[in-house]
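As structure tokens, the structure follows; a few thoughts come after it.
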Amino acid sequence: MLRGGARRDQGAYAGAERAGDDPLDAAQERRVRAVLALGGVPQSDLPDGVQQVRLRLLERTASGREAPRDVSAWAAVVASNLAMDWHRAKRRRERLGERLAALREPAHPSGEEASLLSLAVARGLDELPAAQRQVVVLRFFADLPVRGIAEELGIPEGTVKSRLHTAVRALRERLHDDEVV
């Protein structure tokens with residue numbers, strides 16, 4: 001009985017290859033939908049899952065590989081793998097959302113927090129060498145572009161970038177050491 005079913009399935013596969021028809025018959029599609037649904041894929045994503053199974057079957061045909069012995073079983077395995085992939089992608093999106101939420105700063109820090117941060121930044125600026133402090137003030141407080149700072153100070157843009165990088169790194173370390181951020 002299984003062999004007959006396998007031949008029937010393989011015949012449907014070959015017919016789809018020749019005629020450009022749907023490589024999955026109605027029963028196979030129902031089975032794929034059931035496997036996806038039992039795998040936890042939401043109803044709204046089931047049509048996409050069925051299309052993915054069709055696509056993989058067509059890709060297999062196009063690559064010249066041999067037809068699966070039992071297209072229905074093959075499609076069920078592919079659907080099961082797609083369900084696992086769907087859950088993995090969902091977990092990745094959730095973890096990314098958590099990381100982004102953790103990185104967000106409070107929209108409006110309290111007056112006390114803002115005062116502490118301002119005081120820590122001012123102390124950090126005081127500890128920077130004069131050349132670094134100058135480019136930080138011009139860039140972040142006067143809002144000048146790197147090119148404008150270079151022209152005003154008569155130094156190359158690369159030097160401005162280097163000083164900014166070094167100064168910002170030193171300020172960041174200072175703020176973390178002081179446990180302000």
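The values are calculated or read from the model by the stated rules, or taken from the named source; none is laboratory data. For clarity, every value in this text was computed on a predicted model and none was experimentally measured. In this analysis, Cβ positions are derived from the backbone assuming ideal geometry, glycine residues included, and neighbour counts consider all displayed protein chains. We work out accessible area using only protein heavy atoms, side chains counted, and drop any ligands, DNA or RNA first. Shrake-Rupley method; radii C 1.70, N 1.55, O 1.52, S 1.80 Å.
Taking the condition farther than 30 Å from residue 29 by Cα, assigned to a helix (DSSP H, G or I), modelled with pLDDT under 80 and touching a Lys or Arg at 6+ places or on another chain (Cβ under 9 Å), does residue 101 pass?
For residue 101, the condition - farther than 30 Å from residue 29 by Cα, assigned to a helix (DSSP H, G or I), modelled with pLDDT under 80 and touching a Lys or Arg at 6+ places or on another chain (Cβ under 9 Å) - is not met.
Suppose the filter is among the small types (Gly, Ala, Ser) and within 23 Å of the chain's Cα centre (by Cα); does residue 62 pass it? Before the answer, list the steps.
Numbers: among the small types (Gly, Ala, Ser): yes; within 23 Å of the chain's Cα centre (by Cα): no.
Taking the combined requirement at face value, the residue does not satisfy it.
For the stretch 84-99, indicate whether the set of residues that are more than 20 Å from the chain's Cα centre (by Cα) and either open to solvent by 90 Å² or more (accessible area, probe 1.4 Å) or of a type in the set (Gly, Ala, Ser) (or both) is non-empty.
Checked against the condition, which is being more than 20 Å from the chain's Cα centre (by Cα) and either open to solvent by 90 Å² or more (accessible area, probe 1.4 Å) or of a type in the set (Gly, Ala, Ser) (or both), the stretch 84-99 yields no hits at all.
Could you figure out which of (1) out of contact with any helix residue (DSSP H, G or I) (no Cβ under 9 Å at 6 or more places or on another chain); (2) open to solvent by less than 80 Å² (accessible area, probe 1.4 Å); (3) among the polar types (S, T, N, Q) isn't true of residue 61?
Every condition holds for residue 61 apart from (1).
For residues that are modelled with pLDDT of 90 or more, assigned to a helix (DSSP H, G or I) and not aliphatic (A, V, I, L, M), tally how many sit in the stretch 152-177.
Result for the stretch 152-177: 9.
Return the only residue of 70, 22 being acidic (Asp, Glu), buried (at least 17 other Cβ atoms within 10 Å of the Cβ) and at pLDDT below 90.
70
Can you tell me which residue in the stretch 105-139 is modelled with the lowest pLDDT, limited to those that are open to solvent by less than 60 Å² (accessible area, probe 1.4 Å) and over 27 Å from residue 160 (Cβ atoms)?
Filtering the stretch 105-139 for residues that are open to solvent by less than 60 Å² (accessible area, probe 1.4 Å) and over 27 Å from residue 160 (Cβ atoms), the one modelled with the lowest pLDDT comes out as 110.
For (1) over 16 Å from residue 118 (Cα atoms); (2) aromatic (Phe, Trp, Tyr); (3) within 32 Å of the chain's Cα centre (by Cα), each residue gets a yes or a no:
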site	(1), (2), (3)
133	no, no, no
144	yes, no, no
150	yes, no, no
157	yes, no, no
165	yes, no, yes
171	no, no, yes
